[in-house]
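*Asks:* Here's a structure for you.
Bear in mind these aren't lab numbers, they're just calculated from the coordinates by the rules spelled out. Keep in mind that what you see is a predicted model, and the values were worked out from it rather than measured. Ideal geometry is used to build each Cβ from the backbone, glycine not excepted, and the neighbour counts take in all protein chains shown.
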Ligand SMILES: Cc1cc2nc3c(=O)[nH]c(=O)nc-3n(C[C@H](O)[C@H](O)[C@H](O)COP(=O)(O)O)c2cc1C
């Protein structure tokens, strides 16, 4: 079954609240889809390699800490990158939501560089949000999620 895997890291809860909203929206959208799409939400620290390898599309949701991907995301890539490379995981479809303080560019760049090692390019530019998520932020992540589930359902990813 085609699948959306949402992998998030969050220290003070902002990215977690966005990830939960994406998860709810994705499940809602999957229910009205003609073709079944499975939706999984995982904290980066808890996400297993098999789940990453099997996903049709991965949505990364993360802050930026010290101009870098935060520890949880780095732990995820440290654990999964070489197993993925060894098993020939390539062209993994993905995109990022980054809720940060004032930048986010380094996190986007680092995820892009890591995923490029798996011959993967982002499906779209990162959605970068700043500070405490407000209704506009939640609306933006819901619209992105809805479009992703539609595209997965149609077999685009
Ligand atoms: C230790 C630390 C380092 C941070 N470094 C950056 C940074 O380099 N660039 C940036 O834009 N925001 C930075 N921030 C702000 C966080 O990215 C921002 O508060 C984010 O919304 C937190 O998300 P969370 O609540 O999901 O943990 C930093 C925050 C912390 C706690």
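*Asks:* Out of all Cα-Cα pairs in segment 100-149, roughly what percent, to the nearest whole number, are more than 16 Å apart?
*Replies:* Tail of P(r) above 16 Å: 51 percent of Cα pairs.
*Asks:* Suppose each label sits 7 Å from its Cα in the direction of the beta carbon; what would the residue 53-residue 116 distance come out to in nanometres?
*Replies:* Between residue 53 and residue 116, the label points sit 2.6 nm apart.
*Asks:* Still on this structure: Just to be sure I understand: with springs between alpha-carbon atoms less than 10 Å apart, which residue in 102, 15, 65 has the highest mean-square fluctuation in the Gaussian network model of the chain?
*Replies:* Residue with maximal mean-square fluctuation among 102, 15, 65: 102.
*Asks:* Sticking with this one: Rounded to the nearest 0.05, what FRET efficiency do residue 106 and residue 1 give with R0 = 41 Å and r taken as the Cβ-Cβ distance? Could you check?
*Replies:* After rounding, the FRET efficiency stands at 0.70.
*Asks:* Is the C-alpha gyration tensor of segment 1-92 telling us rounded, prolate or oblate? Criteria: a/c under 1.5 is rounded; beyond that, a/b larger than b/c is prolate, otherwise oblate.
*Replies:* Oblate is the answer for segment 1-92, as a/c is 1.5 or above yet b/c matches or exceeds a/b.
*Asks:* Another question, if that's okay. Percent relative contact order of segment 1-106, based on C-alpha pairs within less than 8 angstrom and at least six residues apart?
*Replies:* Contact order relative to length: 34 percent.
*Asks:* Right, something else. Just rank 95, 47, fewest to most, by other beta-carbon atoms within 10 angstrom.
*Replies:* Lowest to highest Cβ neighbour count: 95, 47.
*Asks:* Same structure, new question: Test of understanding: ordering 119, 9 by Cβ neighbours within 10 Å, fewest first, what list do you get?
*Replies:* 119, 9
*Asks:* Assuming R0 = 25 Å, what is the FRET efficiency of residue 91 and residue 68, from their Cβ-Cβ distance, to the nearest 0.05?
*Replies:* 0.45
*Asks:* When the gyration tensor of the chain is built from Cα positions, what are the square roots of 5 times its three eigenvalues, in whole Å, from largest to smallest?
*Replies:* So the three semi-axes of the chain are 21, 20, 13 Å.
*Asks:* Report for segment 3-153 the percent antiparallel among DSSP-assigned beta bridges with both residues inside it, nearest 5.
*Replies:* So the antiparallel bridges in segment 3-153 amount to around 0 percent.
*Asks:* Now for a different question. What residues of segment 119-138 lie in the reach of a label at residue 12, counting those whose backbone N is under 13 Å from a point 7 Å from the Cα along Cα→Cβ?
*Replies:* Label zone hits: 130-133.
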